[in-house]
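Student: For reference, the structure I am asking about is given below.
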Amino acid sequence: MTLVNLTGIQAGDFSLLADDHSPEEGAAVAVPLSRLTDEGDDFFKVAGPVGAVLTTDTNHADLAPLMNKLAFVVVDFPAFGDGRGFSLAVRLRKDLGFKGEIRATGPVIPDQALFLLRAGFDTVEVADERAEAFKAALKRFDSFYQTDYTGQVSLAHARHKATEERKAS
Amino acid sequence: MARKIKGPQMIVANRLLDGRVVFLKADGGWSAVAADAAVAADEAGVDALEALAQKSADDNFVLSIEVIDATERDGKPYPAHMKFAMQALGPSVRPDLGYQVSPAWEQTDL
Amino acid sequence: MYAYDKYDHALVNARVEEFRDQVNRRVKGELTEEEFRPLRLMNGLYLQLHAYMLRVAVPYGTLNGTQMRKLAHIARKYDKGYGHFTTRQNIQYNWPKLSETPDILQELADVEMHAIQTSGNCIRNVTTDQFAGATADEVADPRPYAELIRQWSTFHPEFSFLPRKFKIAITGADIDRAAVKWHDIGLVVKKNDAGEIGFEVLVGGGMGRTPVIAKTIRDFLPEKDLLSYLEAILRVYNEQGRRDNKYKARIKILVDALGADEYARQTEEEWQKIKDQPIDFPAEEAARIKAYFAPPPLQVLSDDVPAVDELAKKNFLFAAWLQNNTNQHKVPGHVNVTISLKPHGGIPGDATAEQMDLVAALADEYSQGELRISHEQNLILPHVAKKDLPAIWTDLDEAGLGIPNAGLLTDIIACPGLDYCSLANARSIPLAQQLGKRFDDFKRLQDIGPLKIKISGCINSCGHHHAGHIGILGVDRKGEENYQLLLGGSGAEDASKAAILGPGFDENGIIDAVEKVVAVYLGEREEGEEFLATYRRVGPQVFKEAVYDAR
Ligand code: HEM
Ligand code: SF4
């Protein structure tokens, strides 16, 4: 597997915590959300950076109590067509104000690279032979019709910004 | 894979590059004409044909492989059901331009 | 008409290159068919029975002569000389090669057209009234909003992998010619008491195996809030729409499960959170786009044109055409002409490259270079001066396009059915052809009056049979084609679901049954009463008796 960095974030180096294992002291671990919600403060004290592994059917409201404890989030796509993963990332940025790394895992495809980026993902774990296609796909489009929650403003605005700037100068 | 079949079977697919309907021949090649199709009478035969077809799919030559009931027309293999007979001939409402007009392989820029 | 700016051009061109790359990767085996399929679908490319099928969008059904000529050129060069205009204001080509589709898409991009999101589980081509911006009964031209939605929904980062396809329709007229109540989202342009423009918003309409008429979730949404409100609707759907069963994945099922009130509440709650973000178009952008749809500079002319009246007196077919195939324009002395693609015995919605070229030439000469496609699979010349009608009709008639049957029994919507479609149970087109032959008498058709027959080859309902005054549904009965008869549907502002009348028929039987239904109507109707009104008044029983008792 290769990690493709979409945003240039400092990508986390962590491992998936096996079921019924406790984290080693200071270790960066990714833990399924179902387990994290049951863990007490001790868990977070022992471990280093903790991230939640989310299924795409996660209700973002369930994450709210964990927000200040999570260093990163992994959204695990069961299939590339499961678009809930995109809304989940949007919710993390928009409604939960999450600033940490959001990673996509699972069978996402290179042609989704820009969608992932614009929905709020930072990194994607991909099969080695696909890494290049992912990077190429990131360069395909450079203007967009929608305002998103990662700072991209829609063409509907950008078109007139240009006019305004011209007027100003 | 064990399977139960009700009668003779043949395989139809579409060619990847142009979508054209093709029937699997006994040698693993494909023909635009249903009459050239290989027909399997038993389960083992169907499995063997399917493996041949799958190889073509793996080679990115065909897609949408279907194992279909076969019957005979003029003593030659022919799809038993209307939908696949339609595939053998082309749209019934445009007899002027379906495969019935030029069933042979057309030279395409494959 | 909207014209691309450099950004729009760059985007469609980039899309063509992306698809070219995807096709190459598929051919080389770097993409499996499973992975490639949604990508090709999002570029309008299906695999059908005989070949690939390419569905090209005609955004909100508006195109110009140059674009129509390009469609003709594509039919000639890459296909078999014809195309099929669909109920979703698209055109489908039935024989393109995968290897050539990137070239076709490039040719389309050259004339500001595309096949983006004409299929797949994404927001599809937005459809509207074929007379938008030209009809007398309109609050405002809905097309600027359709264009704003087209742009917003194109390559949406969050809504490109929805549970299922998503169709939005918008109308600005009192008479609903866009079937908005049968769409996932229906929008009706309205003016409030203060004279401001806004939208009534309906959600959850759809056909398929569970036909549902959309419900209003907001009576008046201010114009400026359109996109953020749509985003809220879509987010609720993307998160909660079912993904375990594709027949239950449409928004109509979610709206039904939650209840329209709850759907409205959740939408409202989400909308409140986002409505002040810069999601909506700024006023300058709305103004920029509206400017492209400014009404053409038509002179006010007299509605009395003696030459037209004279020809109508002499020629019954022209008179019928005048009555059925023209719609009053908002500028006096002008009409919108419906060019029927329903010749008796022909294939509904099909047009040859030559016919497309002719229509393009007529558009350049008589209709400000503009053309429309209707959801009833016909072509429209908008903004035509009444005095030009005799010349137009003569040209059309010579090319087999002067059929005076718009809105009549033989103006049939039919899906491709088993002749082309891999999902079909039965053929649809031959039924339309048979009906055309059975009712090939314009005096009789004229007497029967407005009657919409809609035929689908399977329960997916691409032929809108649920919304037909008479609907016909093809089913598979022990391997044989069989047809169910439905009565009483409507796709208009008085939308209703057609109901199955009784057991199905074979091909000949269904044609006979339609004839009996029509006979009952003629016997029962009151002065000036149209078919649907009679059916609604007398109910199904008389029809049932006539159709089934004598069997
Ligand atoms: C030939 C290939 C086609 C295929 C494979 C196809 C497939 C489908 C499917 C699967 C549905 C059901 C969707 C659902 O219930 O969720 C559907 C609905 C529909 N299709 Fe098609 N279709 C085809 C052609 C057409 C054509 C030619 C038209 C226009 C004439 C069309 C217009 C529609 C419409 C209006 C609906 C109903 C919308 C609704 O479900 O609410 N389709 N199609
Ligand atoms: S209604 Fe059925 S048969 Fe007709 S085009 Fe749609 S999917 Fe095909």
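The values are calculated or read from the model by the stated rules, or taken from the named source; none is laboratory data. Everything numeric here is computed off the predicted structure, so don't read it as measured data. Using ideal geometry, Cβ is built from the backbone for each residue, glycine included, and neighbour counts are taken over all protein chains shown. Heavy atoms of the whole protein, side chains included, go into the accessibility calculation; ligands, DNA and RNA do not. Shrake-Rupley method; radii C 1.70, N 1.55, O 1.52, S 1.80 Å.
Student: How large is ³J(HN,Hα), in whole Hz, for each residue of region C:111-128 in order, when computed from phi with the Karplus curve 6.51 cos²θ - 1.76 cosθ + 1.60 and θ = phi - 60°, using x for Gly and Pro?
Tutor: Rounded to whole hertz, the list is 10, 6, 10, 6, 10, 5, 6, 8, 7, x, 8, 9, 7, 8, 3, 6, 10, 8.
Student: If you take each beta carbon of peptide B:85-93 and count the beta carbons of other chains within 10 angstrom, what is the mean?
Tutor: 6
Student: Strictly over 26 Å apart at the Cα level, which of C:K70/C:K97; A:K139/C:K273; B:K6/C:K454; A:K135/C:K167 would you flag in this model? Working shown, then result.
Tutor: Details: C:K70/C:K97 18 Å; A:K139/C:K273 31 Å; B:K6/C:K454 37 Å; A:K135/C:K167 32 Å.
Correct reply: A:K139/C:K273; B:K6/C:K454; A:K135/C:K167.
Student: To continue, here is another question. Tell me, what is the 1.4 Å probe accessible area of A:M1, in Å² to the nearest 10?
Tutor: About 150 Å², ignoring ligands and nucleic acids.
Student: Just to verify a number: FRET efficiency for C:A399 and C:V475, C-beta to C-beta distance, R0 = 45 Å, to 0.05?
Tutor: Between C:A399 and C:V475 the formula returns 0.80.
Student: Here's something else I'd like to know. Quick one: go through region A:52-74 and flag any residue whose amide nitrogen is under 13 Å from the point 7 Å out along the Cα-to-Cβ line of A:S34.
Tutor: A:53-58
Student: Moving to a separate point now. Looking at chain A, what % of the alpha carbon pairs are farther apart than 27 Å?
Tutor: Distances greater than 27 Å cover 30 percent of the Cα pairs.
Student: For A:A30, enumerate residues with amide H under 5 Å from its amide H, sequence gap 5+ or separate chain, H modeled in the peptide plane.
Tutor: Here the answer is A:S15, A:L16, A:L17, A:G51, since their amide H atoms fall under 5 Å of that of A:A30.
Student: Would you mind checking region A:79-95 for residues with the amide N under 15 Å from a putative spin-label position 7 Å along Cα→C-beta of A:M67?
Tutor: Counting only backbone N, you get A:89-95.
Student: How many Cβ atoms of partner chains, on average, are near each residue of C:279-285 if near means within 10 Å of its Cβ?
Tutor: 6
Student: Right, something else. Please give, to one decimal in nm, the separation of the simple spin-label points placed at C:A260 and A:T2, each 7 Å out from Cα toward the Cβ.
Tutor: Taking the simple label geometry, C:A260 and A:T2 are separated by 5.2 nm.
Student: OK, next. Give the calculated FRET efficiency between C:A291 and C:N192 to the nearest 0.05, with a Förster radius of 25 Å applied to their Cβ-Cβ distance. Intermediate values should be presented prior to the final figure.
Tutor: Values: r = 24 Å, r/R0 = 0.95.
Rounded to the nearest 0.05, the efficiency is 0.60.
Student: How do C:Y82, A:Y149 rank by accessible surface area computed with a 1.4 Å probe, from largest to smallest?
Tutor: A:Y149, C:Y82
Student: From Cα pairs below 8 angstrom and at least 6 apart in sequence, can you work out the relative contact order of region C:29-131, rounded to a whole percent?
Tutor: Once divided by the residue count of region C:29-131, the mean separation gives 39 percent.
Student: At 7 Å along Cα-to-Cβ for each site, give me the label-to-label distance between C:L301 and B:R73 in nm.
Tutor: 5.3 nm
Student: Using a 4.7 Å Cβ cut-off, which Cys residues in chain C lack a partner cysteine?
Tutor: C:C122, C:C421, C:C458
Student: For the protein assembly as shown, treating each Cα as an identical point scatterer without solvent, what Debye log10 I(q)/I(0) comes out at q = 0.08 1/Å?
Tutor: Reported log10 I(q)/I(0), two decimals: -0.75.
Student: Largest first, what is the accessible-area ranking of B:L97, B:L52 with a 1.4 Å probe?
Tutor: Working: B:L97 20, B:L52 60 Å².
Sorted by accessible area, descending: B:L52, B:L97.
Student: Go through region A:97-140 and flag every residue whose accessible area shrinks by 30 Å² or more with all protein chains in place compared to the isolated chain (probe 1.4 Å).
Tutor: Those residues are A:I109, A:D111, A:F115, A:R130, A:R140.
Student: Looking only at A:G48, A:G12, A:G40, which one moves most when chain A is put into a Gaussian network model with springs between Cα atoms under 10 Å?
Tutor: A:G40
Student: Obtain the nm distance between the two label points defined at B:A35 and C:R76 by a simple spin-label model: each point lies 7 Å from its Cα along the Cα-to-C-beta direction.
Tutor: Each label point lies 7 Å from its Cα, and together they span 3.6 nm.
Student: May I ask you to compute the full-extension gain from C:K437 to C:E365, defined as 0.36 nm times their residue separation minus their alpha-carbon distance, rounded to one decimal in nm?
Tutor: Result: 22.6 nm gained on full extension.
Student: In addition: Please report the carbon-and-sulfur percent of the accessible area for region C:170-325; probe 1.4 Å, protein heavy atoms only, DNA, RNA and ligands left out.
Tutor: Working: 3510 of 6890 Å².
It is 51 percent, rounded to a whole number.
Student: Also, I was wondering about something else. Suppose R0 equals 35 Å; then what is the FRET efficiency for C:D276 and A:E125 from their Cβ-Cβ distance, rounded to the nearest 0.05? Walk me through the numbers on the way to the answer.
Tutor: Details: r = 35 Å, r/R0 = 1.01.
The calculated FRET efficiency here is 0.50.
Student: Given the DSSP H assignment, sum -39500 (n - 2.57) over each helix run of at least 4 residues in chain B and divide by its residue total; what's the result at 222 nm in deg cm²/dmol, nearest 500?
Tutor: -7000 deg cm²/dmol
Student: Over chain C, what is the relative contact order in percent, taking alpha-carbon pairs closer than 8 angstrom and at least six residues apart?
Tutor: 13 percent
Student: Continuing with this model, one more query. Please list, in order, the residues from region C:195-238 whose amide nitrogen is less than 20 Å from a point placed 7 Å along the Cα→Cβ vector of C:I500.
Tutor: Under cut-off, by backbone N: C:206-213.
Student: Oh, and also: Which ³J(HN,Hα) values in Hz, rounded to whole numbers, follow from the phi angles of region C:173-188 under the Karplus curve 6.51 cos²θ - 1.76 cosθ + 1.60, where θ = phi - 60° and Gly and Pro get x?
Tutor: 10, 5, 8, 8, 9, 10, 6, 4, 6, 9, 10, 4, 10, x, 10, 10
Student: Quick one: compute the contact order of region C:182-317, relative version, from alpha carbon pairs under 8 angstrom and 6+ residues apart, as a percent.
Tutor: Reported as a whole number, the value is 20 percent.
Student: Can you pull the mean other chain C-beta count within 10 Å for peptide C:236-246?
Tutor: The mean count of partner-chain Cβ atoms within 10 Å per residue comes to 3.
Student: Leaving out ligands, DNA and RNA, calculate the buried accessible area for the pair A and C with a 1.4 Å probe, summed over both sides, in Å² to the nearest 100.
Tutor: So the buried area, both faces added, is about 3600 Å².
Student: Among the DSSP beta bridges whose two residues both lie in the protein assembly as shown, what percent are antiparallel, rounded to the nearest 5?
Tutor: Here the share of antiparallel DSSP bridges comes out near 70 percent.
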